[in-house]
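The values are calculated or read from the model by the stated rules, or taken from the named source; none is laboratory data. Remember, predicted model here, so these are calculated numbers, not experimental data. Ideal geometry is used to build each Cβ from the backbone, glycine not excepted, and the neighbour counts take in all protein chains shown. Just so you know, the surface numbers come from the protein's heavy atoms only, side chains and all, with ligands and any DNA or RNA stripped out. Shrake-Rupley method; radii C 1.70, N 1.55, O 1.52, S 1.80 Å.
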Amino acid sequence: QVQLAESGGGLVQSGGSLRLSCSASGNIFSINDMRWYRQAPGKQRELVADITSGGSPNYADSLKGRFAISRDNAKNVVFLQMNSLKPEDTAVYYCNALVITRPTLREFSYWGQGTQVTVSS
């Protein structure tokens, strides 16, 4: 089994910053893509950012320039630095990872429990 644990959410004023972290643990051989999604009330879950095992990032077009994804492969951690936050960024942010697990060496998709980000105006 693999567990993903997010942290770093909270309440911040418009224009502020937050840094989310997601740590993966368990029967991990390696991790391919790591992603951040978010889901606002009444809306579908949407992809925020993705980062490959080699460190190549991709972002939702609307978030380029404000958000930055990074990872520490040695610690199996992915980060999301969020700057210039807006009230419309308010959502539950979820971590997702494509994990090659031991001992089968098969890839599975795992999700964290989510962390709430609230941006006040």
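Each pair of Cα atoms in the chain enters the Kirkwood radius, and Stokes-Einstein at 25 °C and 0.890 mPa s then converts it into a translational diffusion coefficient of 170 µm²/s.
Using modelled backbone amide H atoms (1.01 Å from N, in-plane), which distant-in-sequence or interchain residues come within less than 5 Å of Val48's amide H? Sorted by chain and number, the residues that satisfy this are Trp36, Tyr37, Arg38.
A full extension of the chain between Gln13 and Asn27 corresponds to an added length of 1.2 nm, given 0.36 nm per residue minus the alpha carbon distance.
Ranking of Ser121, Ser14 by solvent-accessible surface, largest first: Ser121, Ser14 (1.4 Å probe, protein heavy atoms only, all chains present). Within the straight-line cut-off of under 27 Å between alpha carbons, the lysines reachable from Lys86 are Lys43, Lys64, sequence neighbours fewer than 8 places apart in one chain being disregarded.
For the pair Arg102 and Ser120, label points projected 7 Å from Cα toward Cβ lie 4.6 nm apart.
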